[in-house]
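**Q** The structure is given below, and queries will be raised subsequently.
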């Protein structure tokens, strides 16, 4: 009874908030959403342009990506994870919502794929695309763009847990549908050696120590975010090619819609049902609403699956997410669900 009454109060407050907004306020919220998504995806587009004109050759792109992935981002995520507060249930509910939504999306997309009659060797690619977001780079960049340093802190724990979960589930999905024999144990071992997971784990371990937070931690986090996140986004763009979309069929569009619309909607609904609000909900949405992770394409190719389909889904979701992330965050802002973002605070 209490939960129903609380939900009615929230519904009333949402309706009151939307009604009270005048056109100027709605426009301000929309421009705020644009100011979060456009610069982030602008770096990706810049990388595509630089690669197209020959100023970012693949050899250089790969080298920059490796250095950033192995050193810059792990240190940045360490500084964010070191500030995570694990003392209360409320601080981790949004993480649990993200993990739960991953399993729900996997199950529902699997059933949908069977209902649609997708070929078995395409089903695994479709399902992986439906649940697997690029939360470690694009999601993290969006969280920082929206909430600044607090975005790094809030994103650190879900990035660590869900990166491991995504990879383990991908092994099961691809093994089941493609008949490969990759062992879960070897994949877990590889994920545990992932520099991002190591950096976050070390930061969480540091946060549990009975020592005061160093004064240099916050400035270091801000500096690393300002440098390495744009660099990684440019490298993602530089590794993509629009020519891969020449065979974008109905399955590509279906997978893209699941990744960008269905999956984030399920995650947000579950989070709301669990009482997640404000900045935690905003960060969770931005992590779940991102395009398909490039690592998913790599795993499909390694499993000898349809690399063209996986590449098409990756490129198409990256392009469409510029619109879907902006509109999704705008809608949540209209409902006063995602807290105070950096552009509005400034």
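The values are calculated or read from the model by the stated rules, or taken from the named source; none is laboratory data. All values derive from a computational prediction rather than experimental measurement. So basically every Cβ, Gly included, is an ideal-geometry build from the backbone, and we count neighbours across all protein chains shown.
**Q** From 67, 50, grab the single residue that is assigned to a helix (DSSP H, G or I) and without any contact (Cβ under 8 Å) to a residue 12 or more places away in the chain.
**A** 67
**Q** Scan the range 132-148 residue by residue and report those that are within 16 Å of residue 295 (Cα to Cα) and part of a helix (DSSP H, G or I).
**A** Hits for the range 132-148 are 135, 136, 137, 138, 139, 140.
**Q** Also: Can you tell me how many residues in the range 292-307 are assigned to a loop (DSSP other than H, G, I, E, B) and over 16 Å from the mean Cα position of the chain (by Cα)?
**A** Count: 4.
**Q** Oh, and also: Among (1) touching a residue at least 40 places away in the same chain (Cβ under 8 Å); (2) farther than 26 Å from residue 143 by Cβ, there is one condition residue 33 misses while meeting the rest; what is its number?
**A** (2)
Here is a yes/no grid of residues against (1) free of Cβ contacts under 8 Å to residues at least 60 places away in the same chain; (2) surrounded by fewer than 24 Cβ atoms within 10 Å (Cβ to Cβ); (3) closer than 12 Å to residue 33 by Cβ:
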position: 285; (1), (2), (3): yes, no, yes
position: 305; (1), (2), (3): no, yes, no
position: 308; (1), (2), (3): no, yes, no
position: 324; (1), (2), (3): no, yes, yes
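**Q** Further question: So, residue 286, is that one in a helix (DSSP H, G or I), touching a helix residue (DSSP H, G or I) at 6+ places or on another chain (Cβ under 9 Å) and modelled with pLDDT of 90 or more or not?
**A** yes
**Q** What is the number of the single condition among (1) in contact with a helix residue (DSSP H, G or I) (Cβ under 9 Å, 6 or more places away or on another chain); (2) more than 24 Å from residue 204 (Cβ to Cβ); (3) at pLDDT 85 or above; (4) surrounded by fewer than 18 Cβ atoms within 10 Å (Cβ to Cβ) that residue 175 does not meet?
**A** Unmet condition: (3).
**Q** Taking the range 117-132, which residues are in contact (Cβ under 8 Å) with a residue 12 or more places away in the chain and out of contact with any strand residue (DSSP E or B) (no Cβ under 7 Å at 6 or more places or on another chain)?
**A** Within the range 117-132, 118, 120, 121, 122, 123, 124, 125, 126, 127, 128, 130, 131 qualify.
**Q** Quick one: is residue 111 over 19 Å from the mean Cα position of the chain (by Cα), crowded, with 20+ Cβ neighbours inside 10 Å and either part of a helix (DSSP H, G or I) or without any contact (Cβ under 8 Å) to a residue 60 or more places away in the chain (or both)?
**A** no
**Q** Something else: Do the conditions hold for residue 210, that is, is it farther than 24 Å from residue 170 by Cα and modelled with pLDDT of 75 or more?
**A** Criteria met by residue 210.
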